[in-house]
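Undergrad: Mind looking over this structure? Questions follow.
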Amino acid sequence: MKKRIISFYTKNKNTINIILRVTVSVSLVVYLFMTQFRDLSSIIEILKSSNKTLMALSLSTHIFGTWITAYRWKTLLNTQDVRLSIATLSAIVLIGSFFNNFLPTSIGGDVFRTYDVSKKAEIPLGTSASIILIERFAGVVSAAVFAVIALFLGFTTIGNQSIIIPVTIFFIICVIITIIIIKPSLFGIDKLFRKFNFLQKMREKLSSVFNTLESFKDYKMVLLKVLIYSFLLQFAVILNYYLASLAVGIDLGITAFLFMVPVISIITMIPISIGGIGLRENAIVIIMAGLGVMEEKAAVCSLLILVMLLIVGIIGGIVYI
């Protein structure tokens with residue numbers, strides 16, 4: 001019986017994993033509705049009294065976000081002699097947003113971006129993947145920097161919980177990994193891979209990824225530009241959340257969002273849901289409630305942000321078709 005179950009799971013692994021993640025997302029969204037709203041009329045009341053101009057401004061941040069993502073991506077691709085236009089890359093980013101709604105975590109669309117550019121530019125899949133990896137890591141570094149900025153601006157607690165130590169640890173880890181990427185020899189990482197046989201085999205299998213990553217030690221100015229673009233992109237996301245919250249009558253001040261958005265972005269990368277749906281919304285409510293916001297309004301804000309992401313995804317789906 002056990003062998004049959006294992007065999008069935010092996011054959012249908014992808015389908016089962018998708019079903020499980022969809023179940024997690026749906027369950028978390030249902031939980032949000034069940035625990036935060038008295039009835040549907042309470043949502044309608046908050047939306048009726050909301051500021052529609054601020055909603056539109058919040059949604060418009062996605063336009064800038066798409067453009068800056070494409071520009072950051074192009075900057076990295078240029079180092080590999082890949083010459084794709086901003087228009088082409090913007091379209092692929094939008095399509096990636098569409099696939100984010102069907103693939104695990106909030107970075108599921110990166111899988112599509114990796115394959116599509118590899119095909120269009122005729123470059124190794126590993127090279128394309130390593131560029132996306134650097135892109136994503138630059139985003140994590142910018143998130144860590146914004147969290148540290150929030151500390152310096154006086155945002156040090158959520159409720160009674162201090163955030164100083166976890167933010168500091170997270171920032172230090174990001175700095176160490178950045179140094180490893182730019183100069184792996186400094187920590188003896190290259191020697192470590194040569195010393196252990198299983199690490200050497202791993203390196204051989206992922207040779208194109210490692211070679212591309214190593215090549216970026218000669219493009220330090222490019223990495224600096226990419227980091228700047230990541231700061232701009234992260235700030236666009238922060239504005240998206242901030243304006244959406246103002247639209248429904250939540251005024252925490254932008255400093256709170258300098259910390260909140262990076263944390264939520266990291267949480268949505270946990271691979272247990274589809275596109276981070278459910279995780280994102282509940283994380284928003286928990287953090288905002290810890291800051292004294294009425295849970296019902298926080299829940300409406302979280303759903304408003306979700307709807308905006310779905311709208312961008314639908315546009316990406318239209319572009320894909």
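The values are calculated or read from the model by the stated rules, or taken from the named source; none is laboratory data. As the structure is a prediction and not an experimental result, all values here were calculated from the model. Neighbour counts run over all protein chains shown; Cβ positions are idealised from the backbone, glycine included. Accessible surface is based on the protein model in full, side chains and every heavy atom, while ligands, DNA and RNA are left aside. Shrake-Rupley method; radii C 1.70, N 1.55, O 1.52, S 1.80 Å.
Undergrad: Arrange the peptides 90-99, 306-315 so that the one whose residues have, on average, the most other Cβ atoms within 10 Å appears first.
TA: With the highest mean Cβ count within 10 Å placed first, the list reads 90-99, 306-315.
Undergrad: A follow-up question, please. What distance in nm lies between label points placed 7 Å from Cα along the C-beta direction at Leu54 and Ile272?
TA: Inter-label distance under the simple model: 3.2 nm.
Undergrad: Sticking with this structure for a sec: Compute the distance in nm between two label points, each set 7 Å from the Cα along the Cα-to-Cβ direction, one at Leu20 and one at Glu45.
TA: Modelled inter-label distance: 4.1 nm.
Undergrad: Based on Cβ point charges of +1 for Lys and Arg and -1 for Asp and Glu, what charge dipole magnitude is obtained for the stretch 15-134 about its Cα centre, in debye rounded to the nearest 20?
TA: Dipole magnitude for the stretch 15-134 comes out near 140 debye.
Undergrad: State the Cα centre-to-centre distance between the stretch 290-320 and the stretch 254-285 in whole Å.
TA: Answer, in whole Å: 11.
Undergrad: Going highest first, how would you order 74-81, 150-157 by mean Cβ packing within 10 Å?
TA: Details: 74-81: 16.5, 150-157: 15.0.
The peptides rank, most packed first, as 74-81, 150-157.
Undergrad: Could I ask something else about it? Using 1/(1 + (r/R0)^6) with R0 = 41 angstrom and r between the beta carbons of Arg38 and Ile173, what's the FRET efficiency to the nearest 0.05?
TA: Working: r = 42 Å, r/R0 = 1.03.
Calculated value: 0.45.
Undergrad: How high is the relative contact order of the stretch 256-321, given as a whole-number percent (alpha carbon pairs under 8 Å, six or more residues apart)?
TA: 22
Undergrad: At a Förster distance of 35 Å, what's the computed FRET efficiency of Met294 paired with Ile149, Cβ-Cβ distance as r, to 0.05?
TA: 0.80
Undergrad: Gap in Å between the Cα centre of the stretch 55-96 and the Cα centre of the stretch 120-175?
TA: Going from one Cα centre to the other spans 20 Å.
Undergrad: If you don't mind, another one. So what is the accessible area of the stretch 69-178 per residue, in Å², with the probe set to 1.4 Å?
TA: Each residue of the stretch 69-178 exposes 45 Å² on average to a 1.4 Å probe.
Undergrad: Calculate, for the stretch 238-303, the solvent-accessible area per residue in square angstrom, rolling a 1.4 angstrom probe over the heavy atoms of the protein chains.
TA: Accessible area per residue: 28 Å².
Undergrad: Let me ask you something else. Of the heavy-atom accessible surface of the stretch 229-318 (probe 1.4 angstrom), what whole percent is carbon and sulfur? Provide the component values of the computation, followed by the final result.
TA: Values: 2210 of 2870 Å².
That share works out to 77 percent.
Undergrad: Roughly to the nearest percent, how much of the accessible area of the stretch 23-76 is carbon and sulfur, given a 1.4 Å probe?
TA: 71
Undergrad: Excluding ligands and nucleic acids, what accessible area in Å² is computed for Glu45 using a 1.4 Å probe, to the nearest 10?
TA: 110
Undergrad: Once label points are set 7 Å from the Cα along Cα→Cβ at both Thr157 and Lys220, what is their separation, rounded to one decimal in nm?
TA: Placing both labels 7 Å beyond Cα along the Cβ direction yields 4.2 nm.
Undergrad: Quick check on my link table: of Lys120/Lys220; Lys119/Lys225; Lys48/Lys297, which ones sit more than 23 Å apart, alpha carbon to alpha carbon?
TA: With Cα atoms farther than 23 Å apart: Lys120/Lys220; Lys119/Lys225.
Undergrad: Report the relative contact order of the stretch 132-175, percent, no decimals, based on alpha-carbon pairs under 8 angstrom and at least 6 residues apart. Mind dumping the intermediate values first?
TA: Working: 20 pairs, mean separation 19.9, N = 44.
Once divided by the residue count of the stretch 132-175, the mean separation gives 45 percent.
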